[in-house]
Amino acid sequence: MGGREIEIREEIKMPASQLAVQSALSSTPQYVQDEDNTTCRLVLTQTPGNIGIGTGTDPTNVPRAELTVQLSGDTDMGILVTDGTNASNIVIQPLTGGNSGFQALNFNGYYTGPGPGEQRFNTNKNRWRIGVDQRGTKDLWFVDTYNGTTFSPVLGILTNGNVGIGTLAPQYTLDVNGTIRATALNIGQLSLQTLSIPDIQEYTLAPSGANIHHVSIDLNTGTLYWGTAP
């Protein structure tokens, strides 16, 4: 009134089942919490204008980004983006406690902690997960799936450059757990543990110390030659 501004700073008391805003937004973080002051629901900062969900009232733990979500346990989803049905769901989920260092982007589900393990929104489809596992000595980027019963590793990449297909623990630059099909292979050095070629009746091994360039097969006779083709 009369061009004067009025600022209300008095705390509003609400029933324990409701929320109370302690004061007007100022230069110090402001909290939206239960009336008994034991559970913080939301933190607002004036500068730089960040919002914290689950970050608590510890002044050293104010939200460090425009939106900061802090989980209280492994069963929390973090951030859920959904179309409101079971058709499209994305969950951003970093784990906590003993699982700290594990963070993933989940499609059609999320990790629910020990016991049930995984939740799928659409049980007719797999839960796909892309993430990083840095627990303990691990340092792995991975892709895996879950069908309600079984986990299936799809792709794993280690910091040393090893890439695993069908395995999350690749021991070689390319480690494939499964059958490879290719239209062409260019191999500088070949080392075989087991060789199985159907319909080969005869083979010849190159002598010890031979300079082996490639493996060749005589399609007329079925002979396998190790070394320079005759």
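Here the simple spin-label model places points 7 Å from the Cα toward Cβ, and for Val81 and Ile165 these points are separated by 2.9 nm.
Does region 113-191 come out rounded, prolate or oblate, given a ≥ b ≥ c as the square roots of the eigenvalues of its C-alpha gyration tensor, rounded meaning a/c under 1.5 and, failing that, prolate meaning a/b above b/c? Taking the square roots of the gyration eigenvalues as a ≥ b ≥ c, region 113-191 is oblate.
What is the sum of charges around Gly109, taking Lys and Arg as +1, Asp and Glu as -1, for the other residues whose C-beta is under 12 Å from the C-beta of Gly109?
Result for the neighbourhood of Gly109: +2.
Per-peptide packing, taken as the mean over residues of other Cβ atoms within 10 Å, places 179-185, 62-68, 93-99 in the sequence 93-99, 62-68, 179-185 from highest down.
In terms of its alpha-carbon gyration tensor, region 82-145 comes out prolate; a/c meets the 1.5 threshold, and the first ratio a/b outweighs b/c.
If the chain linking Thr173 and Thr123 were pulled fully straight, counting 0.36 nm for each residue of separation and taking away their Cα-Cα distance, it would gain 14.5 nm. Per-residue extension of 0.36 nm, minus the Cα-Cα distance of Ser72 and Ile180, leaves a gain of 34.5 nm for this segment.
Placing dummy labels 7 Å off each Cα toward the beta-carbon, the span from Ser88 to Arg135 is 3.2 nm.
Computed from the coordinates by the stated procedures, all read-outs in this text should not be read as laboratory data. The shown structure was predicted, so the numbers you read here are calculated from the model rather than taken from an experiment. Here Cβ is always computed from backbone atoms with ideal geometry, including for glycine, and neighbour counts include all displayed protein chains.
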